[in-house]
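In what follows, a structure is listed as structure tokens, so that the remarks can point back to it.
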Amino acid sequence: MILSAVDIKKHLEEKKIKSFPHININQISSCSLDLRLHKDFFVFEYSNLPFLDTNDKNLNIPVKKITVAHGDFFILQPKEFALASTLEAIEIPDNLVGKLEGRSS
């Protein structure tokens, strides 16, 4: 079952779904919570490394940190990969599942 906006609001009010910091009512859509992205992005750079050994304690992954100023845009080019974090953290109970959608505006 997918929770409706009414159910999401109810779960937030009853603290069944928790958010840190508190979710603004404008971030609740028809069947989703819209999370905001942090201003820092880490974009992987092309390199000569044939592979990344995650067991290597001295692993130096070639990434470039990009900080987006308020009001500016971050454009991810085709075939690029970036890591980002959200401004909100969500905690959901064991009887619910969250699904991450990869769209942004």
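Residue by residue, here is whether (1) touching a helix residue (DSSP H, G or I) at 6+ places or on another chain (Cβ under 6 Å); (2) of a type in the set (Phe, Trp, Tyr); (3) open to solvent by 90 Å² or more (accessible area, probe 1.4 Å) holds:
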position: ILE17; (1), (2), (3): yes, no, no
position: TYR46; (1), (2), (3): no, yes, yes
position: ASN58; (1), (2), (3): no, no, yes
position: LYS64; (1), (2), (3): no, no, yes
position: LEU76; (1), (2), (3): no, no, no
position: PRO93; (1), (2), (3): no, no, no
position: GLU101; (1), (2), (3): no, no, yes
Among (1) open to solvent by 70 Å² or more (accessible area, probe 1.4 Å); (2) of a type outside the set (Lys, Arg); (3) within 30 Å of GLU13 (Cβ to Cβ), the one test that ALA89 misses: (1)
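Residue-by-condition table, conditions (1) surrounded by 10 or more Cβ atoms within 10 Å (Cβ to Cβ); (2) closer than 21 Å to LEU100 by Cβ; (3) in contact (Cβ under 8 Å) with a residue 12 or more places away in the chain:
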{"site": "LYS10", "(1), (2), (3)": "yes, no, no"}
{"site": "GLU14", "(1), (2), (3)": "no, no, no"}
{"site": "HIS22", "(1), (2), (3)": "yes, yes, no"}
{"site": "LEU33", "(1), (2), (3)": "yes, yes, yes"}
{"site": "ASN55", "(1), (2), (3)": "no, no, no"}
{"site": "ILE61", "(1), (2), (3)": "yes, no, yes"}
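The values are calculated or read from the model by the stated rules, or taken from the named source; none is laboratory data. Quantities reported herein were computed from a predicted structural model and do not represent experimental measurements. Neighbour counts run over all protein chains shown; Cβ positions are idealised from the backbone, glycine included. Just so you know, the surface numbers come from the protein's heavy atoms only, side chains and all, with ligands and any DNA or RNA stripped out. Shrake-Rupley method; radii C 1.70, N 1.55, O 1.52, S 1.80 Å.
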